[in-house]
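Please read the structure below before turning to the comments.
The values are calculated or read from the model by the stated rules, or taken from the named source; none is laboratory data. Computed from a predicted structure; not experimentally measured. FYI the Cβ positions are ideal-geometry reconstructions off the backbone, even for glycines, and counts take in every protein chain you see. For the accessible areas, the whole protein counts, side chains as well, though only heavy atoms, and no ligand, DNA or RNA atoms are used. Shrake-Rupley method; radii C 1.70, N 1.55, O 1.52, S 1.80 Å.
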Amino acid sequence: MQIEKTAIRTAYFSIIGNISLALIKGVAGFFGNSYALIADAIESATDVVASLLVLFGFKYAKRPADENHPYGHGKIEPIITFAVVAFLVISATIIAFESIQNIQSPQKVPKSWTLIVLGVIIIWKEVSYRVVIKKSKEIKSTSLKADAWHHRSDAITSVMAFIGISIAVIFGKGYETADDWAALFASVIILYNSYLILRPALGEIMDEQIYGDLIILIREKSTEVEGVLGTEKCFIRKAGMKYNVDLHAIVNGDISVKKGHDIAHDLKDYLRAQLPNLGHVLIHIEPNE
């Protein structure tokens, strides 16, 4: 329950921050003649929707297992990650399209005071990224990681906007489009980050065996249980923030079925007590040959 509470609190943190920044950027971009800042506001607006999706995913994943979902509802998380990535791609496409349009038509030089606004935004978004990415690593959440990268991509677009506006302000007439070129470059970075976020979520939903460190830990902990001589196969499937485990445990081949059954239950209980992020644990007993 503590993991779920942490995830939900972090999602609310992202939502409140993104709403505030979208408003600040939009107003500053409009009155400061900066499309890069307006593009930044568009990205923050999509971030709000993405964070709401992440919050919905966490609340849905909290539902207990039922007859139709014996493994729980955790698989909603990578699906939500796909949706979050889609919003990233949409925002990058909008920014790129509008940037190209503005590059082709004369623009006013942005106001110099917009640099102060951007400086504050960059610091805030980088801090937000570090807070959310830390929580995502703590609870092993792909959708929260995607949300963190929304903050980082927002910081990147703000840095690009800062550079573009600085060039336009310093060099003046003839460099008005530097602001828009910066926004265009930022859209490419956002698209690249979208792929980096999508890849692990795709691996999760396809049940790729990418949890080598956890498998090693499970094997080590298993031998601490009385009666377990070793382990054979160990497969892991991630569902939300839980890891479902199929483990083959090696025991003395001369013991009774009842004894083997008891060892399997002891092993399951011990692993879940030692590793709280485990969900379902299925133990198959193998006789030692």
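The figures follow:
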item: At least 27 Å along the helix axis (C-alpha) and Kyte average at least 0.0, DSSP helices within the chain; result: 2-31, 35-61, 76-103, 114-139, 142-171, 178-205
item: Net length gained if the chain between residue 192 and residue 277 were fully extended (0.36 nm per residue, minus Cα distance); result: 27.6 nm
item: Rel. contact order, % - alpha carbon contacts under 8 angstrom, at least six apart, the stretch 187-289; result: 25 percent
item: Full-stretch length increase - residue 93, residue 9 - with 0.36 nm per residue and alpha-carbon distance subtracted; result: 27.2 nm
item: Rounded if a/c under 1.5, otherwise prolate or oblate - the stretch 130-219, Cα gyration tensor axes; result: prolate
item: Spatially proximal aspartates and glutamates relative to residue 233 (Cα-Cα < 13 Å; intrachain offsets below 8 disregarded); result: 246, 286
item: All aspartates and glutamates inside 19 Å of residue 62 as judged from Cα atoms, apart from same-chain residues fewer than 8 positions distant; result: 4, 77, 138, 147, 204
item: Mean separation of Cα contacts under 8 Å (6+ apart) over length of the chain, as relative contact order %; result: 18 percent
item: Accessible area in the full protein assembly, largest first, 1.4 Å probe, for 213, 47; result: 213, 47
item: Residues residue 202 and residue 113, FRET efficiency given R0 of 41 Å [Cβ-Cβ distance, rounded to 0.05]; result: 0.40
item: Sites residue 255 and residue 216 - FRET efficiency at Förster radius 25 Å, r taken between beta-carbons, to 0.05; result: 0.40
item: More than 29 angstrom apart: percent of Cα pairs within the chain; result: 46 percent
item: Cα-based Kirkwood hydrodynamic radius, the stretch 17-83, one decimal, Å; result: 13.7 Å
item: Accessible surface ranking that places the most exposed of 257, 85 first, with a 1.4 angstrom probe; result: 257, 85
item: Å² per residue, accessible surface of the chain at 1.4 Å; result: 50 Å²
item: Set of lysines near residue 111 by C-alpha distance (under 28 Å), chain-local residues within fewer than 8 positions excluded; result: 25, 125, 173
item: Diffusion coefficient, µm² s⁻¹, Stokes-Einstein with Kirkwood Rh over alpha-carbon pairs of the stretch 133-289 at 10 °C and 1.306 mPa s; result: 83 µm²/s
item: Net dipole in debye of the chain [+1 Lys, Arg Cβ; -1 Asp, Glu Cβ; about Cα centre; nearest 20]; result: 820 debye
item: Prolate/oblate/rounded label for the stretch 59-133 (Cα gyration tensor, a/c 1.5); result: oblate
item: Cα centre as origin, Lys/Arg/Asp/Glu Cβ charges: the stretch 63-178 dipole, Debye; result: 340 debye
item: Portion, in percent, of the accessible area of the stretch 34-182 that falls on carbon or sulfur, probe 1.4 Å; result: 68 percent
item: Full-extension gain in nm, residue 248 to residue 71, via 0.36 nm per residue minus C-alpha separation; result: 61.8 nm
item: In the stretch 28-104, GluC sites (Glu not before Pro) in a DSSP loop with at most 14 other beta-carbon atoms within 10 Å; result: 67
item: Virtual spin-label span in nm between residue 60 and residue 79, 7 Å along Cα→Cβ; result: 0.5 nm
item: Accessible area (Å², 1.4 Å probe, nearest 10) - residue 271; result: 0 Å²
item: Beta bridges per DSSP with both ends in the chain, % antiparallel, nearest 5; result: 50 percent
